[in-house]
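Asker: Before I ask anything, let me first share the structure, which is written out below as structure tokens.
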Amino acid sequence: MPDSVVAMKENPGDLTRIVLAVLFLGGLIGASFWILRPFLGALIWAVMIVIPTWPFMLRAQKRLGGRRWAAVALMSLVLLLLLIAPLFAAIGAILSHADDIAAWAQHARELKLPPPPSWLAGVPLVGERAARAWQSAATQGLEALAPYVGDLTRWFVAKIGSLGALVVQFLLTVIAAAVLYLQGEAAADVALRFGARLAGEHGAAAVRLSAQAIRGVALGVVVTALLQAIVGGVGLLVAGVPFAAVLTALIFLLAVAQIGGAPVLIAPVVWLYWTGATGWGTFLLVVALVTATIDNVLRPILIRKGADLPLLLIFVGVIGGLVAFGLIGIFVGPVVLAVAYTLLGAWLAKPISSS
């Protein structure tokens with residue numbers, strides 16, 4: 001029988017003291033997380049940003065004469081520009097096309113649907129209902145949408161409010177990233193020592209693997225999304241599609257969300273063919289195909305380059321993390337699966353004791 005068990009039986013007060021200490025520490029940790037809850041999202045995002053971009057910060061520090069504060073200021077400025085530049089580009093695109101928007105609104109107000117085609121009513125199961133709905137919309141025009149205008153307005157106001165919260169969250173992320181850039185070595189040492197205290201060498205290896213998984217996902221997901229946005233944005237700009245900046249930002253967001261940027265290009269392609277610009281429509285269709293190909297070919301190569309892990313594990317982690325935790329789950333999911341996969345492999349590889 002272990003000495004600790006014997007000691008606890010001889011002195012039951014030790015068991016009470018240990019239980020109370022564990023409860024106190026658990027409550028203290030829970031209270032700390034509750035207090036830090038408004039900042040946890042920004043801190044997690046900052047960690048996901050700093051780890052992949054740490055080599056760039058070191059290069060900037062070297063070029064700036066070894067001054068860490070100057071490199072941190074430069075990296076923070078770049079992060080701020082990533083927020084400000086697309087926002088101002090979207091606003092500028094809307095303002096520059098204000099006349100076009102007014103003309104489209106007037107045209108939409110006068111738009112009337114033609115009568116439903118004769119074959120629609122003959123479609124099994126849904127044909128007659130679809131024909132009646134089509135005929136009702138053709139008769140009433142846009143007046144049928146009037147009951148939904150109030151709901152749409154309330155939705156838009158709610159989204160504007162969430163946009164303000166998103167801006168605040170982004171600013172907190174930039175501040176947290178700046179702190180991590182300044183104290184990166186100390187933070188990495190704390191993480192390694194924490195992992196070692198939890199699981200010895202395997203814990204420290206798990207911390208290093210987490211950094212590799214984050215770097216691999218950042219290379220595979222973010223770089224691929226950025227390249228998709230560049231290719232699609234250039235295609236939209238060359239084809240003369242309105243709101244090219246807004247559509248480019250949407251391509252990037254959908255590519256990061258693992259949907260891909262090609263669906264954003266479908267509407268401009270249809271619009272170009274509809275307006276008679278067949279040549280430009282064909283050109284943009286080719287651009288859409290290239291954009292979809294980039295997503296399927298380049299991302300696996302970059303992910304394997306950043307982290308020596310099974311590609312299926314990373315892919316499942318990205319998709320599952322996105323569904324479970326939202327956008328931040330793109331990074332959290334692969335990290336959790338990678339650490340669990342490595343620890344399980346080390347445990348299975350450990351020789352079984354004969355005793």
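Asker: Anything in the stretch 203-239 that is closer than 24 Å to THR275 by Cβ and open to solvent by 50 Å² or more (accessible area, probe 1.4 Å)? List them, or say none.
Answerer: VAL234, LEU237, VAL238
Asker: Only one of VAL231, VAL238 is in a helix (DSSP H, G or I) and more than 20 Å from PRO300 (Cα to Cα); which? Lay out the reasoning, then the answer.
Answerer: Working: VAL231 fails: more than 20 Å from PRO300 (Cα to Cα).
One residue alone meets the criteria, VAL238.
Asker: In the stretch 261-282, how many residues are within 25 Å of ILE330 (Cβ to Cβ) and buried (at least 19 other Cβ atoms within 10 Å of the Cβ)?
Answerer: Here the count works out to 4.
Asker: Would you say THR293 is assigned to a helix (DSSP H, G or I) and either modelled with pLDDT of 85 or more or more than 22 Å from the chain's Cα centre (by Cα) (or both)? First the steps, then the outcome.
Answerer: Numbers: assigned to a helix (DSSP H, G or I): yes; either modelled with pLDDT of 85 or more or more than 22 Å from the chain's Cα centre (by Cα) (or both): no.
When the stated conditions are applied, THR293 does not pass them.
Asker: Kindly check whether there is at least one residue in the stretch 193-202 that is modelled with pLDDT of 75 or more, open to solvent by less than 80 Å² (accessible area, probe 1.4 Å), part of a helix (DSSP H, G or I) and touching a Gly at 6+ places or on another chain (Cβ under 8 Å).
Answerer: So far as the stretch 193-202 goes, yes, one or more of its residues are modelled with pLDDT of 75 or more, open to solvent by less than 80 Å² (accessible area, probe 1.4 Å), part of a helix (DSSP H, G or I) and touching a Gly at 6+ places or on another chain (Cβ under 8 Å).
Asker: For the stretch 29-58, give me each residue that is open to solvent by 90 Å² or more (accessible area, probe 1.4 Å) and modelled with pLDDT of 85 or more.
Answerer: Within the stretch 29-58, TRP34, ILE35, PHE56 qualify.
Asker: I would also like to ask the following. How many residues does the stretch 59-75 hold that are of a type outside the set (A, V, I, L, M, F, W, C), exposed (fewer than 14 other Cβ atoms within 10 Å of the Cβ) and assigned to a helix (DSSP H, G or I)?
Answerer: 3
Asker: If the requirement is being under 30 Å from ALA338 (Cα atoms), surrounded by fewer than 18 Cβ atoms within 10 Å (Cβ to Cβ) and modelled with pLDDT under 80, which of these qualifies: PRO300, PRO242?
Answerer: On the way: PRO242 fails: under 30 Å from ALA338 (Cα atoms).
Residue meeting the stated conditions: PRO300.
The values are calculated or read from the model by the stated rules, or taken from the named source; none is laboratory data. Quick caveat: nothing in here was measured; it's all calculated off a predicted structure. When we count neighbours, we look across all protein chains shown, and the Cβ atoms used for this are built from the backbone with ideal geometry, even at glycine. Side chains included, ligands, DNA and RNA excluded: accessible areas come from the protein's heavy atoms. Shrake-Rupley method; radii C 1.70, N 1.55, O 1.52, S 1.80 Å.
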